[in-house]
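In what follows, a single structure is set out as structure tokens and then discussed.
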Amino acid sequence: MSKDNDVEITKGMQEYIDHNNKYLSDRNRYIRDVVKKWRFDTIAVHGLYTVSDAIEDYQGAIIEPIFMSTAQAYRDSDEMAAALAYKIPTWCYSRIANPSTYYYEWALALLEGYGYDGETSCCSTSSGMAAITTAVQPFLRVQKDGSKLRNFVATAQCYGGTFQLFTVCLMQEQDIECRWVVDPTDINEWASKIDENTRFLYGELPSNPQQGFFDIKAVADLAHSHNLPLICDSTVATPALLRPICHGADIVVQSATKSLTTSGFGIGGAIIARKNLVANIDDDQLKTDFALYVKYYQNRNLGTNLHPMQAVMSLNDMRTLRSKMDLMSRNTMKVAQFLEKHSLIDSVQYLGLPNHPLHDLARKYMWLVDSEYDDQYGKPVNRYGHLMSFCVKGEPEKTRLFFDSLQRIWRATDLGRIKSVATIPAISTHQQQGEEGRALANIPLNMVRLCVGAEHPADIIADLDQALHKAK
């Protein structure tokens, strides 16, 4: 479908358009006058699913229904024509959208936009990698002048799949240059890599697994000074601890598989964007509502949709996001404090530790949302997430022996689980980027990535200690 989908509007179509414009106006007023005044936890629990929705449409179901149907039926040809011209809200076909994914998207848009004065919208995807691909692809098109010179600037400290996407799929296969930033705290390094062919800036924070970080506002201001968007991968932090859009970022990508959900029941992703974002792409629709744009015009053809069953399962997991991230962050701090004093540990990478070189920068941005309204705290408190890494002393063989000796902590490439999970990035998540790529991203062979779950931290510490002594 062309983006310039001009159709002749019949009288019948106009009636549907007018009716649905009123629906959208009423919903926007409800968001502005009601939902935006709720605290984070209330938004996470309810989203935009209302009692009226339940009673009028879904037989009173208090939990969002799962719509397994592949397609939407229409009352007549006028409604179908208006819907397929995107003149009225529609889901039409589950490859494009679905009522279940809408509720998931609306909730995520509100959570990532919590505290932001403007509007945000969300497009769900089948995975975190699909979210990253969806977010960057529209900015990498060949411009109308026919020039194929395109580049983007990205932090070298990032998830291994992101590194492969940018290095292999974009650089090697499509001749689109990725200009890696080695020290993302150096704003001059970012600036030195931007030219007239740059399309966007991209950063992951905290990075997986190295705990890289950068000054979001400074990088966003730099991007905007060049009429470029800033895209942030905030998977590790989640909106419970960090909301980049509030600090100037244009787009956030989430692997909802990870910390957003914690259960481990399936794969999912999301792109959340502020409306009227900054871009040097000549496309008003893209800039006005990026998430809706990629849903209707890009992903309807690429098919990177989220299954409705997964949408509701993820949505249900997100309802307790703030309390889970608080608990697991506190557990991780205790584990990090234990490891930094351990005689068999070479170094610990966790932003919550005061001696971490990026601690002060992370402390500026990473806060447990609404802690000042919490009876437990009554004031703003910093939380740094439940992902950390550490390096075991000695040769890489000792790291493997330690790893193989873990009894309670699961050995897997997963993260963000309610259960503690560990991996060795050099032989797993970052194996394919090779020695040179791992050196660029600062991932040594003796690094272990640990995502601490909701177990009692004493039990996790005991497991780490016994495994370290077996590798002595």
Magnitude of the charge dipole, the stretch 94-318, Cβ model with Lys/Arg +1 and Asp/Glu -1, debye to 20: 560
Ranked list, fewest to most other Cβ atoms within 10 Å of each Cβ, for SER389, SER343, SER428: SER343, SER428, SER389
Charge-dipole axis of the stretch 260-343 as Lys and Arg at +1 and Asp and Glu at -1 on Cβ define it, positive-most pick from TYR297, SER314, ASN331: ASN331
Total charge dipole magnitude, the chain, about the Cα centre, Cβ charges on Lys, Arg, Asp, Glu only, Debye to nearest 20: 960
Inter-site label distance for VAL381 and ASP186 at 7 Å from Cα along Cβ, in nm: 3.8
Long-range HN-HN contacts of ARG383 with modeled amide H, under 5 Å: TRP367, LEU368
Nonlocal amide H pairs with ARG150, under 5 Å, H built at 1.01 Å: GLU177
Inverse mean reciprocal Cα-Cα distance (Kirkwood Rh) of the stretch 1-107, Å: 15.5
Packing-based order for 131-138, 359-366, using average beta carbon neighbours within 10 Å, highest first: 131-138, 359-366
Amide H within-cut-off set for VAL181, under 5 Å, with H built and near neighbours excluded: ALA154, THR155, ALA156
Out-of-range pairs (alpha-carbon distance over 25 Å; input LYS275/LYS295; LYS324/LYS470; LYS287/LYS324): LYS324/LYS470; LYS287/LYS324
Cα-only radius of gyration and Dmax that characterise the stretch 225-339, units Å: 16.5, 53
Rounded to whole Hz, the Karplus (6.51, -1.76, 1.60) HN-Hα couplings of the stretch 222-238, x for glycine and proline: 4, 4, 5, 5, 9, 6, 10, x, 9, 10, 10, 8, 10, 4, 5, 7, 6
Separation of the ASP175 and SER147 label points, Cα + 7 Å toward Cβ, nm: 1.6
Most to least packed among 334-340, 247-253 [average Cβ atoms within 10 Å]: 247-253, 334-340
The stretch 321-470 shape via C-alpha gyration tensor axes, a/c threshold 1.5: prolate
Listed residue (SER126, ALA83, LEU260) projecting farthest to the positive dipole end of the chain, Cβ model: LEU260
Karplus-derived HN-Hα couplings along the stretch 207-220 (A = 6.51, B = -1.76, C = 1.60, θ = phi - 60°), whole Hz, x at Gly and Pro: 7, 9, x, 7, 6, x, 8, 8, 7, 4, 4, 5, 6, 5
Under the Karplus curve 6.51 cos²θ - 1.76 cosθ + 1.60, θ = phi - 60°, whole-Hz ³J(HN,Hα) for the stretch 315-327, x wherever Gly or Pro sits: 4, 5, 5, 5, 5, 10, 4, 4, 5, 5, 5, 5, 4
Fewest-first sequence of LEU228, LEU358 by Cβ atoms within 10 Å of each Cβ: LEU358, LEU228
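FYI, it's all coordinate maths here, none of it is from the lab. Since this is a predicted model, take the numbers as computed values, not measurements. Every residue, glycine as well, gets a Cβ built from its backbone with ideal geometry; the counts of neighbours run over all protein chains shown.
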